[in-house]
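The values are calculated or read from the model by the stated rules, or taken from the named source; none is laboratory data. Model, not experiment: these values are computed from the prediction. Don't worry about glycine lacking a Cβ; one is built from the backbone with ideal geometry, like all the others, and counts go over all protein chains shown.
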Amino acid sequence: MPSPDARSPRLRPRPYNLYASRSHRLVRVAKAILTTAAVLVFVAAVAAGGAYLWLDGLVGNANEGPQASTIKSVIDAAPDTSIVDPILDKPDAQDILILGSDTREGEGEEFGRSDTLMILHIDPAEDYASVLSIPRDLRVEIPGYGIQKINAAFAFGGPALAIQTVQQVTRLDIDHYVNVDFEAFRSVTTALGGIYVDVDRKYYYGGIAYENINIPAGYQRLAGEQALDFVRFRHDGNVDFGRIERQHRFLQSARDQIATWDTALKMPELVQLVARNVSTDVTTTEALRLALWGLRLDRSRINQVNLVADTRDIGGASYVVATEDAIRAAARELVTVPPLELPDDTPTASSTGSTGATSGTTAGDTSSTAPEPVDLAGVTVNVFNGNGRSGEATAAGDWLKSMGAVIGRIGDAASSENEHSVVLYPPEREGAARLVAAGVGVDRLSEDRPGGEIALVLGADFVLPDEYRIAPTPDDVPDADRWKEISRSASFTVTAPSTVPEEFTFKDHRLYDLDTNGTVYPALKVYYRYGREDQYMGLMQTTFLDAPAAAQGEERSQNGIVYTGVSIDGKVDRVWWKVDGVLYWVSNTLSYHVSSEDMFGVAMSMIPMR
């Protein structure tokens, strides 16, 4: 039997080298596709149109495929405890293997290939779901075929062998399976008119014909071949990890937008598409129940399980390699319901401060924890700017004056890159120096030469209270010239960040018309690259005020503007706000490199460029 790598270009080994530069080359094989996967989202859309009986008949026929009895035997068989020690979960919970497969005409394949393998664990009694994505290149033993990449199991023996292999590798007792042909993805997204997706950067690849992609950056509807290209792309530094994340974001968007779909008018086409391209042993009643339960499930009760793995070249092929202990740990996490987390009533500062900023001011800091004022009457203080932020020494002097201090000299320190602020003092003035430090919230003091004067040297950690904070100008924005050029070409008010998180650099922008299938809105996408990785923080701006991206979330306010953070898996995915007829938002990288506080900080630091 030939190895899967020799069968076609599709199965040629490609490096799975995300995070390869980190110690031990450990990779976190990514957060899997969210909620009950595409088929259940689509089934819920069908249910919304009231076509249950029709769907039931068609799915019933689909469930009677040539492998139906074999699949049933594999699923019903008890785990062989002489070979594996099974991982058991609660009797009322279920583990569903979801396969995404593709068959190409002219290649003589009986089953095609499964590029997506994931295990969905659902526990309705606990209102809890978890998902484990299995890398397609995971090196495993396939019953009857020896050591192979796990996606070869489907190619060799269809769903039955894939189920058997996954059960043997994970030691989980699979209860059901769902196999979705990629044609369903193409056809259903087209029938529904597309899904709004915030494409993080431009995607282009012109290599193998069936893997070509050309999708511009920006918020847009994706449907059909374009949607499939987006969720399958892996020709960058993120490889399979990025593909899983894009699938995750796409299906989360579909889940959020399902209420807006006009499913009733599209019932005949949708029902035929779902039935023709889905094979499963899940009954229609079960599928509808799971779909509707999944759509109502709170995001905080969905866990994305990570598998720790490594990449290795073995015999001329690149494999993802995970130890038995790592696989077992991931499987145990999949079926274990964590305790409910109680709400945290501790107030959270909406601040990024100046830490982690490449330039700009602390405009994102809305913390009200300024130090208590002290009496500095008669105390003379010199103020020196050691952080490079223009005008801050003068503002600090005004703050000290408000407490009665006499300001001696104001100027620049020897260095403009001081990390910490410090109060310098002669030995005979230590008491007064401590009052100065307490008044401006500086915790570092350093004894200077006798007979000198008290001096406050501002570092990067220095924070002015709101009433003395310097409003940034367009010239303070990193890459100000590029932003000004963009602003001159836009038909709406463009805003730019005066604070950019550390390691992010301006990459590119796209000024375009956003077509919403009826109305065209001007739009702007700007994206920043994280270090040398293919990870991008985005800034989206459009007059499309009703964009689904403006979803519910955590709200914070600054200067009369309400900023809303929308979270996925406990991480802030985007922060949006509206001002004068324009919707703005900051989007996180695929792997959530930007913290919650920095996301709000960037949003709150945005200033008009005209």
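Quick notes
- When the stretch 378-401 is filtered for residues that are closer than 29 Å to Pro474 by Cβ and either hydroxyl-bearing (Ser, Thr, Tyr) or in a loop (DSSP other than H, G, I, E, B) (or both), the ones remaining, listed by number, are Gly386, Asn387, Gly388, Arg389, Ser390, Gly391, Thr394.
- In the set Phe462, Phe492, only one residue is within 30 Å of the chain's Cα centre (by Cα) and of a type outside the set (Val, Ile, Thr); that residue is Phe492.
- The stretch 565-590, subset crowded, with 20+ Cβ neighbours inside 10 Å and polar (S, T, N, Q), residue farthest from Ser605 (Cα to Cα): Thr589
- Candidate set: the stretch 569-587, residues that are in a loop (DSSP other than H, G, I, E, B) and under 18 Å from the mean Cα position of the chain (by Cα); chosen: the one nearest to Pro501 (Cα to Cα): Gly570
- Matching option when the condition is without any contact (Cβ under 8 Å) to a residue 60 or more places away in the chain and not aromatic (Phe, Trp, Tyr), among Gly459, Gly397, Gly439: Gly397
- Residue check, Thr505 in contact with a strand residue (DSSP E or B) (Cβ under 6 Å, 6 or more places away or on another chain) and surrounded by fewer than 14 Cβ atoms within 10 Å (Cβ to Cβ): yes
- Checking Leu590 against (1) touching a Ser or Thr at 6+ places or on another chain (Cβ under 8 Å); (2) not in a strand (DSSP E or B), the condition it does not meet: (1)
- Checked across the stretch 554-565, the condition of being part of a loop (DSSP other than H, G, I, E, B) and either more than 23 Å from Ala217 (Cβ to Cβ) or in the same structural domain as Asp298 (by TED's automatic domain parsing) (or both) holds for at least one residue.
- For the stretch 501-522, taking the residues that are under 23 Å from the mean Cα position of the chain (by Cα) and modelled with pLDDT of 95 or more, the one that is nearest to Gln220 (Cα to Cα) is identified as Leu514.
- Residues in the stretch 431-473 that are modelled with pLDDT of 90 or more and on the phi > 0 side of the Ramachandran plot: Gly441 only.
- Residues satisfying the stated conditions in the stretch 302-331, i.e. surrounded by 15 or more Cβ atoms within 10 Å (Cβ to Cβ) and not in a strand (DSSP E or B): Asn306, Leu307, Ala322, Ala326, Ile327, Arg328, Ala329, Ala330, Ala331
- Scanning the stretch 228-241 for residues that are outside any loop (DSSP other than H, G, I, E, B) and modelled with pLDDT of 75 or more turns up Leu228, Asp229, Phe230, Val231, Arg232.
Every residue, every condition in (1) in contact with a Lys or Arg (Cβ under 7 Å, 6 or more places away or on another chain); (2) part of a helix (DSSP H, G or I); (3) under 26 Å from Leu590 (Cα atoms), yes or no:
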{"position": "Ala471", "(1), (2), (3)": "no, no, no"}
{"position": "Asp481", "(1), (2), (3)": "no, yes, no"}
{"position": "Glu485", "(1), (2), (3)": "no, yes, no"}
{"position": "Lys525", "(1), (2), (3)": "yes, no, yes"}
{"position": "Arg532", "(1), (2), (3)": "no, no, yes"}
{"position": "Gly538", "(1), (2), (3)": "yes, no, yes"}
